[in-house]
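Trainee: The structure follows.
The values are calculated or read from the model by the stated rules, or taken from the named source; none is laboratory data. For clarity, every value in this text was computed on a predicted model and none was experimentally measured. Here the Cβ positions follow ideal geometry from the backbone for every residue, glycine too, while neighbour counts run over all protein chains shown. Protein only, heavy atoms only, side chains kept; ligands, DNA and RNA dropped before computing areas. Shrake-Rupley method; radii C 1.70, N 1.55, O 1.52, S 1.80 Å.
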Amino acid sequence: MDSEEPMQDASLLAHAGRTSREHFGVVNTPIYQASTVLFPTLETYDRRESAKVRYGRRGTPTTMALEEAIARLERAAGAVLTPSGVSAITTTFLAVAEPGAHLLLPQSVYASARSFATTFLERIGVSTTFYEPGIGGDIEQLLRPETRLVWLESPGSLTFEIQDVAAIVAVAKKHAIVTGIDNTWSAGYFLKPLELGVDISVQAATKYIGGHSDIMLGAIAANDATLPLVRETAGKLGLCAGPHDVYLGLRGLRTLAARLAQHYRSGMAVAQWLERQPGVSCVLHPGLERDPGHALWKRDFTGATGLFGFVLEESDRGRLARMLDGLRFFGMGASWGGFESLLTPSALPKARPCPERFQAGQLMRIHVGLEDASDLIADLDAGLKRMRR
Ligand SMILES: *Cc1c(COP(=O)(O)O)cnc(C)c1O
């Protein structure tokens with residue numbers, strides 16, 4: 001059974017958060033479908049605030065199992081589940097927000113995080129500066145006395161820039177500013193932000209932890225200093241993740257290491273193949289040697305997942321349709337991190353300055369799933385040929 005002794009992540013993923021002895025020996029923590037929790041006596045009812053399980057919204061053994069496993073994966077003091085990745089991000093922002101506060105977000109931030117800042121937070125008197133993801137230690141020049149959060153996302157959404165986490169964290173620490181990161185891409189497996197000094201690591205567990213394109217779930221993993229604030233904020237907002245989604249999150253987590261090993265291998269193979277194709281002007285994958293983020297990726301990450309970008313020279317919609325409409329294995333749709341492959345054109349948020357190297361052509365986002373890489377490459381090859389025809 002589980003133990004607190006150190007173990008490798010693959011072992012941790014198979015064992016962390018399991019409480020079989022409390023459930024008749026059943027391997028997986030069951031789905032607790034609960035609102036009301038009964039207390040047998042007035043005395044225990046009066047002490048209910050200190051009970052581990054006291055009300056459905058406050059957590060059940062199912063949610064606690066996944067929170068513990070994610071906390072250990074992220075090397076955090078604890079984790080809080082939320083009903084989606086976006087709610088995990090907005091909860092974290094709201095934990096530090098107050099009228100007059102200032103936040104720093106990268107230009108490469110996930111689009112819904114950007115729009116939450118520029119609409120909702122703006123409306124309650126919280127201002128945001130968007131910084132270039134490659135800023136490093138120069139972020140110091142953007143700090144204000146009222147800066148409350150430096151947010152990171154590495155690699156960034158759609159454009160996949162790798163950030164210098166350590167350099168940014170060093171500046172934030174010097175000024176006692178909270179740091180948080182969207183760690184969805186690494187699934188908490190290939191990057192350990194809390195070990196690099198980041199206070200809060202957020203994931204859309206919808207993606208790789210779920211792993212099967214059938215749940216919505218968020219997770220906020222936090223260190224000792226920030227966990228109480230995060231927990232309190234999620235509680236005050238009344239957030240709780242649905243028990244079936246949490247169960248499927250646990251189910252997905254158990255096979256995360258095995259799945260990511262294949263996403264990594266196949267993703268690299270497809271990226272290296274794409275690099276050599278006529279009509280592809282650029283591949284945005286930090287595992288490639290010529291990627292501008294490669295050195296930082298090698299320093300901080302232990303692998304790469306199956307999501308990356310590339311730029312097609314051709315941006316004609318009709319030609320693009322000839323390629324995409326006839327693919328056998330690649331679907332078109334939002335999200336990623338499931339077992340299946342996806343390929344979609346990307347559109348950067350209007351407010352985001354477009355990096356120079358993507359200004360010509362069509363930016364694409366690819367998720368390399370668990371299909372055989374040779375089938376995926378053959379499918380893409382036929383698609384690129386249809387496009388060029
Ligand atoms: C998908 C995604 C989210 C949002 O997750 P949802 O579960 O869809 O709300 C947040 N950050 C990143 C980087 C994502 O890709």
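Trainee: Would you mind working out the magnitude of the charge dipole of the range 203-265 relative to its Cα centre, with +1 at each Lys and Arg C-beta and -1 at each Asp and Glu C-beta, to the nearest 20 Debye?
Mentor: Computed about the Cα centre, the dipole is about 240 debye.
Trainee: Here is a further query. Take Glu195, Glu74, Glu232 and sort them by solvent-accessible surface of the protein heavy atoms, 1.4 Å probe, largest at the top.
Mentor: Accessible-area ranking of Glu195, Glu74, Glu232, largest first: Glu195, Glu232, Glu74.
Trainee: Of the beta bridges DSSP finds with both residues in the chain, what % are antiparallel, to the nearest 5?
Mentor: 60 percent
Trainee: Cα atoms only, the chain: Rg and Dmax in Å?
Mentor: 21.6, 78
Trainee: I want to check the label-to-label distance for Asp381 and Arg265. Put each point 7 Å from Cα in the C-beta direction and report it in nm to one decimal.
Mentor: Label-label distance for Asp381 and Arg265, simple model: 2.0 nm.
Trainee: With every protein chain left in place and a probe of 1.4 Å, what is the accessible surface of Lys385, to the nearest 10 Å²?
Mentor: Here the accessible area works out near 110 Å².
Trainee: Note the angle between two axes, namely the Cα long axis of helix 85-96 and the longest principal axis of the Cα atoms of the chain, as a number of degrees from 0 to 90, rounded to the nearest 10.
Mentor: Approximately 60 degrees, to the nearest 10.
Trainee: Relative to the longest principal axis of the chain, what angle (0 to 90°, nearest 10) does the C-alpha long axis of helix 243-254 take?
Mentor: Orientation of helix 243-254: about 60 degrees from the principal axis.
Trainee: Among Leu143, Ala95, Thr41, pick out the residue whose Cα is farthest towards the positive end of the charge dipole of the range 1-147, where Lys and Arg carry +1 and Asp and Glu carry -1 on C-beta, about the Cα centre.
Mentor: Result: Thr41.
Trainee: Taking a threshold of 27 Å on the Cα-Cα distance, which of the pairs Lys173/Lys298; Lys52/Lys236; Lys52/Lys174; Lys207/Lys350 fall above it?
Mentor: Lys52/Lys174
Trainee: Take the Cα of Ala170, step 7 Å along the line toward its Cβ, and report every residue of the range 117-148 whose backbone nitrogen sits under 15 Å from that point.
Mentor: Output list for this probe position: 135-141.
Trainee: Could you work out how much longer the chain between Gln8 and Met332 gets when fully extended? Use 0.36 nm per residue separation minus the Cα distance between them, nm to one decimal.
Mentor: Here the answer is 113.1 nm.
Trainee: Looking only at the range 135-155, which residues have a backbone nitrogen under 17 Å from a spot 7 Å from the Cα of Ala351 in the C-beta direction?
Mentor: Taking a point 7 Å out along Cα→Cβ of Ala351, the residues of the range 135-155 whose backbone N falls under 17 Å are 148-153.
Trainee: Leaving ligands, DNA and RNA out of it, rank Leu256, Leu348 by accessible area with a 1.4 Å probe, largest first.
Mentor: Order by accessible area, largest first: Leu348, Leu256.
Trainee: Can you run the Rg to Rh ratio on the range 209-359? Use alpha carbon positions and the Kirkwood inverse-distance Rh.
Mentor: Reported Rg/Rh, Kirkwood definition of Rh: 1.02.
Trainee: Can I ask one more? With +1 on the Cβ of every Lys and Arg and -1 on the Cβ of every Asp and Glu, and nothing else charged, how large is the dipole of the range 231-300 about its Cα centre, in debye rounded to the nearest 20?
Mentor: Charge dipole, the range 231-300, about its Cα centre: 200 debye, nearest 20.
Trainee: Something else about it: Roughly how much of Asp199 is accessible, in Å² to the nearest 10, using a 1.4 Å probe?
Mentor: 20 Å²
Trainee: How many nm separate the modelled label positions at Arg75 and Arg322, each set 7 Å beyond the Cα in the direction of the Cβ?
Mentor: Label-label distance for Arg75 and Arg322, simple model: 5.1 nm.
Trainee: Note the angle between two axes, namely the Cα long axis of helix 256-275 and the longest principal axis of the Cα atoms of the chain, as a number of degrees from 0 to 90, rounded to the nearest 10.
Mentor: Once rounded, the angle reads 20 degrees.
Trainee: About the Cα centre of the range 15-127, how large is the charge dipole given +1 on each Lys and Arg Cβ and -1 on each Asp and Glu Cβ? Please answer in debye to the nearest 20.
Mentor: 180 debye
Trainee: If I histogram all Cα-Cα distances within the range 29-102 using bins 5 Å wide from 0, what percent of pairs lands in each bin?
Mentor: Per 5 Å bin, starting at 0, the Cα pair percentages come out as 3, 13, 16, 20, 17, 14, 10, 6, 2, 0.
Trainee: Can you find, among Ile366, Pro345, Leu324, the residue sitting farthest towards the positive end of the charge dipole of the range 298-389, where Lys and Arg contribute +1 and Asp and Glu -1 at Cβ?
Mentor: Final value for the positive-end residue is Pro345.
Trainee: Taking only the Cα atoms of the range 48-190, how large is their convex hull per residue, in Å³?
Mentor: 132 Å³
Trainee: Probe 1.4 Å, all protein chains in place: accessible area of Ile377 in Å², nearest 10?
Mentor: Per-residue accessible area (Ile377): approximately 40 Å².
Trainee: Take Arg328, Arg388 and sort them by solvent-accessible surface of the protein heavy atoms, 1.4 Å probe, largest at the top.
Mentor: Arg328, Arg388
Trainee: Choose one of Ala222, Phe120, Ser108: the residue whose Cα lies farthest towards the positive end of the charge dipole of the chain (beta-carbon charges +1 Lys, Arg; -1 Asp, Glu; about the Cα centre).
Mentor: Farthest towards the positive pole: Phe120.
Trainee: Can you give me the relative contact order of the chain as a percent, contacts being Cα pairs under 8 Å and 6 or more apart?
Mentor: 16 percent
Trainee: Let me ask something else about it. In deg cm²/dmol and to the nearest 500, what is the mean residue ellipticity at 222 nm of the chain if only DSSP H runs of at least 4 residues count, each as -39500 (n - 2.57), divided by the residue total?
Mentor: -10000 deg cm²/dmol
Trainee: Please give the FRET efficiency for Glu232 paired with Thr44, using the beta carbon to beta carbon distance and R0 = 22 Å, rounded to the nearest 0.05.
Mentor: Calculated transfer efficiency: 0.35.
Trainee: Have a look at Ser35, Ser266, Ser112 and tell me which one the Gaussian network model of the chain (Cα, springs below 10 Å) gives the largest fluctuation.
Mentor: Top of the fluctuation ranking is Ser35.
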